[in-house]
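Any read-out appearing in this document is the output of simple, stated calculations on the displayed coordinates, not a laboratory observation. These numbers come from a predicted model, not from an experiment. Positions of Cβ are generated from backbone atoms using ideal geometry, with glycine treated the same way; all protein chains shown enter the neighbour counts.
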Amino acid sequence: MPGIIKRIKLHQGGGNYEDFISLLNDDLREAIDELAAAAHQKSASSEDDLTISIVQWLKARSWTASHETCTNGHVDITVIMQKYKWLGEAKKDNSYAHIWKGFQQLMTRYSPGFNFSARARETYTETHGILIYCQRSRNSGDFLRKWKEKLISECEGHSFHSCDSHSIDGLELQTTHRHPNSDEIVKIIHFAVPLYFQPQDR
């Protein structure tokens with residue numbers, strides 16, 4: 001289904017959860033492209049400033065998006081469409097421990113692991129996201145690969161140890177986990193946002 005038709009259908013109350021996630025991820029990728037194209041201005045920006053830029057981009061695409069909305073805590077990005085909700089946690093590449101903390105917040109604090117009202121109509125795998133602002137890392141792809149290994153290692157010692165699958169496509173990592181409260185499978189898409197800027201032409 002062409003993107004414009006899918007967008008209209010969703011905003012009119014049609015479509016399904018997979019349409020919601022597919023279109024939202026497409027718009028997130030565009031927002032990330034815009035940030036990366038302005039790395040010369042964004043390489044030292046704060047987490048909040050970068051996240052607000054993404055929220056503003058999503059709002060311009062007619063999403064009901066917000067920053068620091070409370071869902072068992074202050075979530076960096078919340079996107080709502082009808083009965084569907086997507087949660088996003090944003091972290092700088094300060095350290096893998098810093099990103100791991102964000103992952104724990106998303107999985108054990110913000111995400112309930114289930115949506116009764118939406119699941120009454122259809123069956124789907126709840127999907128959320130982590131945005132990793134790569135300002136220190138010259139090679140965002142390499143950072144993401146190392147983060148994948150760190151994540152798998154850390155998950156082994158926690159209640160959501162079942163990192164059932166993991167795959168990297170470019171600067172995106174997809175992982176699935178069993179939610180510690182609902183026992184449902186949750187998919188997390190980790191987006192590496194390339195913002196390192198140290199040109200070598202001078």
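Annotations for the structure displayed:
- Placing dummy labels 7 Å off each Cα toward the beta-carbon, the span from N25 to T71 is 1.7 nm.
- Label reach from K9 (point 7 Å along Cα→C-beta): in region 46-85, amide nitrogens under 16 Å belong to 82.
- By average C-beta atoms within 10 angstrom, highest first, the peptides 89-100, 186-197: 186-197, 89-100
- Förster-model FRET efficiency, 35 Å R0, I185 and R136, C-beta, rounded to 0.05: 0.60
- For C70, C155, the sequence from fewest to most other C-beta atoms within 10 Å is C70, C155.
- Formal net charge of residues neighbouring D48 (Cβ-Cβ distance under 11 Å; K, R +1; D, E -1): -3
- Theoretical FRET efficiency, 1/(1+(r/R0)^6), r = Cβ-Cβ of D48 and T123, R0 41 Å, to 0.05: 0.70
- FRET E, pair Q41, N94, Förster distance 22 Å, beta-carbon r, rounded to 0.05: 0.65
- Cα-Cα over 29 Å, subset of K101/K187; K59/K92; K9/K150; K6/K146; K6/K101: K9/K150; K6/K146; K6/K101
- Once the chain from Q104 to E149 is taken as fully extended at 0.36 nm per residue, the excess over their C-alpha distance is 14.6 nm.
- Calculated SAXS-style log₁₀ I(q)/I(0) at q = 0.15 Å⁻¹ - region 71-118, Debye, Cα scatterers: -0.43
- In this rough spin-label picture, where each label sits 7 Å from Cα along the Cβ direction, the R61-E34 distance is 0.9 nm.
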